[in-house]
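Trainee: Below is one structure. I have some questions about it.
The values are calculated or read from the model by the stated rules, or taken from the named source; none is laboratory data. What you are looking at is a predicted structure, and each value in this text was computed from that prediction instead of being measured. Reconstructed Cβ throughout: ideal geometry from the backbone, glycine too, with neighbour counts over all protein chains shown. Just so you know, the surface numbers come from the protein's heavy atoms only, side chains and all, with ligands and any DNA or RNA stripped out. Shrake-Rupley method; radii C 1.70, N 1.55, O 1.52, S 1.80 Å.
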Amino acid sequence: MKIFADYHTHTKYSHGKGTIRENVESARKKGLKEIAICDHGPNHIGFGVKIENFKRMREEIDKLNEEYKDIKILLGVEANIISYNGEIDADDKIIDMLDILLVGFHFGARPKTIKDAYNFYIVNYTGKIISSVAEKARYMNTMAIIKAINNYNIDIITHPGAKVNIDTRELAKAAAKKGTALEINASHGYLNLEYIKIAMKENVKFAINSDAHTPDDVGNVKRGIERAIKAGLKANQIINVLDEKERG
Ligand SMILES: [Zn+2]
Ligand SMILES: [Zn+2]
């Protein structure tokens, strides 16, 4: 099993180490046909892409696409869920500039309201200690991410289960209906094997990404592929893996 695209890579525009060009060159060296630059959404404290930089990134990527004919370079964002109404920190102005939209939960992202902040930080952290609160947190997190899936055209949900507790089955059902893929992140342990097995029963699609923070790590998805194979996933269930037949 081999990926032809890495849809989750970071650059200096958030907290990655390399430039867009360096990520692209690394992807070409590894034989990838597509790469997405998906830095953190603007509400990520300290890391978020500044609004004015999206335009700059778009221009840089358009130029690189002219220069390199052997690889397709996509501009994306790893947006944050910022409210329990399922809002994300990418408005229409940003979304209109993008080729691909990734969304995930991150601690360190500024919630929309005080109430969202309370629910996100206090309820989730209290839930780590008190099990009845854990259930409430899990329910609310799940509802928020499902609302986001229904509110926006999200291509990939990044590392489900990594930061906050969510109901993988319900998430997978909603994602399958909307055509949103769930990420098997090679850097994080999520989706973990258990969650992949739950999600795959709902006929959802998956994406195996590196979440590279250095150019060298672009396309490094070995750990993700191992989990996909262990779970029994087939190539046609993964959006960035070609069927052996198709590859010829
Ligand atoms: Zn992330
Ligand atoms: Zn990331």
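Trainee: With a point put 7 Å past each Cα toward its Cβ, work out how far N236 is from N151 in nm, to one decimal.
Mentor: Label at N236, label at N151, 3.5 nm between them.
Trainee: Counting DSSP beta bridges in segment 1-116, what percent are antiparallel, to the nearest 5? Mind showing how you got there, number by number?
Mentor: On the way: 2 of 17 bridges.
Roughly 10 percent of the DSSP beta bridges within segment 1-116 come out antiparallel.
Trainee: Which is farthest toward the positive dipole end of the chain among N165, V221, H10, measuring Cα position about the Cα centre, with Cβ charges +1 (Lys, Arg) and -1 (Asp, Glu)?
Mentor: Toward the positive end, the furthest listed residue is N165.
Trainee: Where a Cα-Cα gap under 21 Å defines reach, which lysines qualify for K29, not counting those fewer than 8 residues away within the same chain?
Mentor: By straight Cα distance, K29 reaches K2, K12, K17, K63, K69, K72, K222.
Trainee: Let me ask another. Rank-order 156-167, 45-56 by packing density, defined as the average count of other C-beta atoms within 10 Å over each peptide's residues, highest first.
Mentor: Working: 156-167: 23.4, 45-56: 14.9.
Descending mean neighbour count gives 156-167, 45-56.
Trainee: So in the chain, what percent of DSSP beta bridges are antiparallel if you round to the nearest 5? Walk me through the numbers before you get to the answer.
Mentor: Numbers: 3 of 28 bridges.
Expressed as a percentage, antiparallel bridges in the chain total about 10.
Trainee: Let me ask another. Could you provide, to the nearest whole Å², the per residue accessible area of the chain with probe 1.4 Å? Please list the in-between numbers first.
Mentor: On the way: 11740 Å² over 248 residues.
Counting only protein heavy atoms, the per-residue value for the chain is 47 Å².
Trainee: Could I ask something else about it? Which percent of the accessible area of segment 40-122 is formed by carbon and sulfur heavy atoms (probe 1.4 angstrom)?
Mentor: Details: 2230 of 4080 Å².
Of all accessible area on segment 40-122, carbon and sulfur atoms account for 55 percent.
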